[in-house]
Amino acid sequence: MKKSKATKAIAMSAMVALALAAFVSAAYAAKANTKFHTKSLHKTGAGLKHWYDAAGGLKSLTKAEYDTLGCKSCHTATCKACHVTSMKAADTRDPKTCLGCHQSIAATFDLSKAAGKLDVHEGKMICNDCHIGEAFDDIHGNEGSFNTKSDAGAIKASCLNCHKEDQEIKAHKVHKGKLACQSCHVEASISMFDGKFADFAKSGYKGVFTPKMDWTMLINADGKITTGRVKTIKLDGGKTFVSVEPYYTHNVTKKALNCSACHGSANMVAVKDGKKIAVASAKGVIPFDPAVLDFGADTVVQVIGGGTALDAKQMTKMKMTIKDQ
Ligand code: HEC
Ligand code: HEC
Ligand code: HEC
Ligand code: HEC
Ligand code: HEC
Ligand code: HEC
Ligand code: HEC
């Protein structure tokens with residue numbers, strides 16, 4: 001009874017937020033111009049180059065210059081990439097336009113739908129409904145120049161634009177804001193395994209990588225614990241390059257993870273027993289702590305997006321057994 005009221009209130013306030021977003025959006029749309037767009041990551045594709053060239057990045061294995069790669073087919077978007085037929089907003093509102101490049105989100109929708117766990121917002125909202133208002137900057141850019149999407153201010157979409165973290169719920173109260181919403185509200189994070197570099201550079205993710213959705217990783221970023229994922233890329237000569245990044249997978253489930261999905265879980269018991277978690281075959285929630293993870297033989301790991309390992313205190317809290325509520 002109480003819950004359904006709370007839910008209604010949330011939905012209502014979210015609807016108000018949506019109406020507001022549409023209003024703010026009109027103001028933003030009026031400002032929408034090439035000046036901002038030229039600074040957006042959609043135009044510059046700077047995130048790719050930044051991590052590719054970084055010390056310990058993929059270039060250290062491929063030796064190929066960034067400018068010779070085919071990755072740019074997605075990493076620099078012209079106006080037409082989204083405004084398929086005109087500069088009108090309406091012509092950007094088909095998510096298929098976004099999903100052509102955002103292939104890991106496309107894979108997320110396919111896999112979560114097949115598992116009966118499609119994002120609660122899907123079908124009711126489209127990309128632009130959340131990446132709008134101030135968060136329209138996510139798409140069109142703003143005065144700021146960003147090296148990557150993990151720079152502060154590069155992504156303004158946030159659960160808190162529409163929801164509150166209801167303090168009557170124990171899981172909310174007990175963590176004192178130390179966990180990002182997705183840590184519990186996203187059950188699984190999309191990861192991409194075993195793509196051959198040459199194919200990846202040519203055609204992106206689809207049909208090149210094996211996407212996996214039955215696990216998620218907890219990682220520190222921006223002063224909170226949040227979700228993360230991996231991409232593994234196979235190179236000629238047998239080496240595998242692994243990138244680990246904080247990542248929000250668009251699959252908010254109806255029911256949040258319960259306490260035992262993290263605290264004293266089978267994975268944490270294995271860690272307690274001194275065993276390593278094999279990343280490629282792991283299931284459930286795994287902590288990002290290189291000391292307890294096995295990324296496989298002959299791998300080079302790069303952590304991108306400002307992610308850092310869980311520290312000893314956080315690991316201790318994860319190991320404690322807590323009964324589900
Ligand atoms: C031409 C391919 C392409 C299309 C079309 C595209 N994106 Fe992107 N998008 C990218 C790439 C590549 C990145 C990562 C850029 C980087 O970090 O270098 C990105 C980044 C983003 C980000 C995070 C980065 C930021 O600047 O905030 C959001 C949010 C996003 N896209 C939303 C959308 C939405 C919504 C649409 C459809 C209206 C869309 N994209 C269409 C390729 C595309
Ligand atoms: C990554 C996708 C993407 C790219 C690239 C992009 N836009 Fe947009 N654009 C959008 C979205 C999304 C909206 C707003 C949609 C809404 O309000 O629902 C929009 C809105 C606009 C509007 C306001 C239209 C209206 O009817 O109010 C203009 C003008 C515009 N864009 C111009 C441009 C120009 C010029 C470029 C290239 C320099 C460009 N856009 C590149 C996604 C994009
Ligand atoms: C219900 C709201 C909602 C919808 C619908 C939505 N997004 Fe998002 N998206 C978010 C939020 C919130 C974040 C930021 C999460 C965070 O970083 O904490 C985000 C982040 C992103 C990112 C960056 C992810 C990362 O962690 O690097 C991309 C890319 C993106 N969205 C693209 C899209 C595209 C493309 C669509 C449509 C297919 C879409 N979004 C639909 C809410 C939404
Ligand atoms: C632009 C507004 C918006 C954003 C951003 C947004 N949501 Fe929602 N959310 C909604 C709306 C509207 C609903 C109700 C959908 C429905 O069932 O009609 C909803 C439903 C939900 C529900 C289901 C509630 C219930 O009791 O059934 C959860 C859980 C949820 N959102 C969590 C999140 C999380 C976590 C994020 C960030 C990753 C997020 N939302 C981002 C608007 C938003
Ligand atoms: C430690 C785990 C955890 C974290 C972190 C978390 N939640 Fe929740 N959340 C829950 C649980 C458990 C429920 C109760 C119902 C359920 O199983 O979904 C819930 C319920 C909700 C609901 C639906 C019901 C209601 O009464 O509000 C929304 C919306 C929601 N959370 C939003 C958020 C937002 C926004 C954040 C981040 C600011 C957040 N949550 C962080 C675990 C969490
Ligand atoms: C099919 C389109 C596509 C192709 C091709 C592609 N990417 Fe991406 N890439 C994306 C999108 C979309 C994002 C951002 C959102 C996401 O990951 O969901 C992204 C994000 C990234 C990021 C993180 C950027 C940041 O700001 O943190 C790196 C690094 C990256 N890609 C490297 C590469 C490399 C290297 C290649 C070529 C070998 C490549 N990508 C080819 C679509 C593509
Ligand atoms: C998604 C994983 C996850 C879930 C689900 C989760 N926790 Fe936690 N919890 C953590 C992590 C990680 C920490 C360590 C946070 C920190 O101190 O930075 C933590 C910390 C705690 C702490 C110690 C708080 C402190 O300040 O020292 C308690 C108590 C706790 N959790 C109880 C719960 C209860 C009760 C539930 C179920 C209602 C729950 N947790 C669900 C991950 C989780």
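Some notes on this structure:
- Among residues of the stretch 208-248, those that are assigned to a loop (DSSP other than H, G, I, E, B) and within 16 Å of ligand 1 (Cβ to nearest atom), counted: 5
- Pro246 vs. criteria of a type outside the set (D, E, K, R), touching a strand residue (DSSP E or B) at 6+ places or on another chain (Cβ under 8 Å) and loosely packed, with under 13 Cβ neighbours inside 10 Å: no
- Against the test of being at pLDDT 95 or above and over 19 Å from the mean Cα position of the chain (by Cα), the options Ala201, Ala180, Ala188, Ala171 yield a single qualifying residue, Ala171.
- Filtered residues of the stretch 72-94 (kept if among the aliphatic types (A, V, I, L, M) and more than 30 Å from Ala198 (Cα to Cα)): Met87, Ala89, Ala90
- The listed residues are Ile225, Ile233, and the only one of them that is more than 16 Å from ligand 4 (Cβ to nearest atom), modelled with pLDDT of 95 or more and either among the aromatic types (Phe, Trp, Tyr) or in contact with a Ser or Thr (Cβ under 9 Å, 6 or more places away or on another chain) (or both) turns out to be Ile233.
- Residue match in the stretch 144-151 (condition: more than 19 Å from the chain's Cα centre (by Cα) and either within 17 Å of Leu48 (Cβ to Cβ) or within 16 Å of ligand 2 (Cβ to nearest atom) (or both)): yes
- Tally of residues being within 15 Å of ligand 6 (Cβ to nearest atom), closer than 18 Å to His175 by Cβ and touching an Asp or Glu at 6+ places or on another chain (Cβ under 9 Å) across the stretch 217-259: 4
- Conditions (1) surrounded by 13 or more Cβ atoms within 10 Å (Cβ to Cβ); (2) closer than 30 Å to Trp51 by Cα; number of the one not met by Ala261: (2)
- Filter pass, Leu218 being near ligand 7 (Cβ under 9 Å from one of its atoms) and buried (at least 21 other Cβ atoms within 10 Å of the Cβ): yes
- Some residue of the stretch 89-97 being closer than 30 Å to Leu257 by Cα and either touching a residue at least 24 places away in the same chain (Cβ under 8 Å) or more than 16 Å from ligand 7 (Cβ to nearest atom) (or both): yes
- When the helices (runs of 4 or more DSSP H) confined to the stretch 1-90 are screened for residues that are over 24 Å from Glu143 (Cβ atoms) and modelled with pLDDT of 90 or more, those reaching at least 2 such residues are found at 46-53, 59-62.
- Residue list for the stretch 271-295, restricted to those being free of Cβ contacts under 8 Å to residues at least 40 places away in the same chain, surrounded by 16 or more Cβ atoms within 10 Å (Cβ to Cβ) and outside any loop (DSSP other than H, G, I, E, B): Ile277, Val292, Leu293
Okay, residues lined up against (1) free of Cβ contacts under 8 Å to residues at least 40 places away in the same chain; (2) within 26 Å of Phe241 (Cβ to Cβ); (3) not polar (S, T, N, Q):
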position: Gly57; (1), (2), (3): no, yes, yes
position: Lys80; (1), (2), (3): yes, no, yes
position: Met87; (1), (2), (3): yes, no, yes
position: Cys101; (1), (2), (3): no, yes, yes
position: Asp129; (1), (2), (3): no, no, yes
position: Ile132; (1), (2), (3): no, no, yes
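- Residue count for the stretch 91-103, restricted to those that are part of a loop (DSSP other than H, G, I, E, B) and hydrophobic (A, V, I, L, M, F, W, C): 1
- Per-region count, the stretch 139-161, residues touching a Lys or Arg at 6+ places or on another chain (Cβ under 6 Å) and either more than 9 Å from ligand 1 (Cβ to nearest atom) or aromatic (Phe, Trp, Tyr) (or both): 1
The values are calculated or read from the model by the stated rules, or taken from the named source; none is laboratory data. On a predicted model such as this, the values are computed, not experimentally measured, just so you know. Cβ atoms come from the backbone with ideal geometry, glycine included; neighbour counts cover every protein chain shown.
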